[in-house]
1. V51 to A172: extension gain in nm, 0.36 nm per residue of separation minus the Cα-Cα distance?
2. Going by how many other Cβ atoms sit within 10 Å of their own, how do M26, M224, M100, M214 line up, fewest first?
3. Report, in deg cm²/dmol and to the nearest 500, the calculated mean residue ellipticity at 222 nm for the chain, where each DSSP H run with n ≥ 4 adds -39500 (n - 2.57) and the sum is divided by the residue count.
4. So if we plug the beta-carbon distance of F231 and L259 into 1/(1 + (r/R0)^6) with R0 = 41 Å, what FRET efficiency do we get, rounded to 0.05?
5. Give, in whole angstrom and from largest to smallest, the semi-axes √(5λ) of the equivalent ellipsoid of region 43-135, with λ running over the eigenvalues of the Cα gyration tensor.
6. With labels modelled as points extended 7 Å from the Cα through the Cβ direction, what inter-label distance (nm, one decimal) is found for L120 paired with W179?
7. Using a/c under 1.5 as the rounded threshold, could you call the chain rounded, prolate or oblate? The axes a ≥ b ≥ c are square roots of the C-alpha gyration tensor eigenvalues, and prolate needs a/b larger than b/c, oblate otherwise.
8. May I ask for the distance between the Cα centers of region 121-136 and region 182-227, given as a whole number of Å?
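No value in this document is a laboratory result; all are computed from the given coordinates. Quantities reported herein were computed from a predicted structural model and do not represent experimental measurements. Glycine gets a Cβ as well: all are built from the backbone with ideal geometry, and neighbour counts include every protein chain shown.
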Amino acid sequence: MLVAPGRKVQPRWVMRGMNSLVGAAMFVAPLLALVVIWAVVVPLFQVNPRVFPSVGAVGDAALESIRDGTLLHHVGASLLRVGIGTVIGVVTAVPLGIAMGVSPAISALLTPLFRFFSVLAGIAWIPIATLWFGYGFGAIIFVIFNAVFFVVAYNTLLGVSTIPHTLRNAAASLGAGKWALLTEVLLPGALPNIVTGIRTGLGFAWRGLIAAEMIATNVGLGYMLFVARDFYRTEVIVLGMIVIGVLWLLIDRLLLAPLERATIERWGMVRRA
């Protein structure tokens, strides 16, 4: 790369850091603008607190719930449930997706079922989940599992299907056994799609979690919203909505998006610039 005389070239890590800061600022700016509009409109039009709370009321509710520990209790319960449900969904979905991608017979047998149940995944399972598992931990985990399982399995199938048969045959001709073919060809080749499926499925799982907690438990962010509604505490409802959104943004931006990007750069067709 040609550089003009006397011009200082910034190290690559500095440029990446600056780009990250600019990207973060552009991402946060609309959210801050929304808060400013909220802070101006509510007192300007004298909105009834039972209809929508002020910024100050939500801030006071946040401080109160942090002091007495209720907010951390609800957040911890929700994160634990979504974590366990997602892990169970991924662990069971990936092997099945690989099996479907390798075997045309298994794929032909299960693909219609996947198309049918993918529409029902998540929230639609709440009524029957409460009948099967009762109101509590099991029902919520089952809902989260369904939200994750079908998305990850289908993306795994797509990932395995995109691996050229010539590559598989070449590995087999070089002496790769079934285990080596799985761990060194199929799984790495499907990994970008698997991570994308996890990212998408976890978004569905988060929605299903909140809905299930409104019905099937007595702790969690969804339950916090549900109880606050009964007492017309709109400041707690809005606080819960903000916490849910912020938690998802943190999980997606700090964990899932970097993992997806790194996986695609390592195993996919994209290379780091």
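1. Working: separation 121, 0.36 × 121 = 43.56 nm, distance 6.59 nm.
Length difference between fully extended and current span is 37.0 nm.
2. Numbers: M26 9, M224 28, M100 24, M214 18.
Ordered from fewest to most neighbouring Cβ atoms within 10 Å, M26, M224, M100, M214 come out as M26, M214, M100, M224.
3. Details: 12 runs with 211 residues, N = 273.
Roughly -26000 deg cm²/dmol at 222 nm, from the helical runs in the chain.
4. On the way: r = 40 Å, r/R0 = 0.97.
Calculated transfer efficiency: 0.55.
5. 44, 18, 14
6. 3.8
7. Details: a/c = 3.02, a/b = 1.29, b/c = 2.33.
Oblate, since a/c reaches 1.5 and b/c is not below a/b.
8. 16
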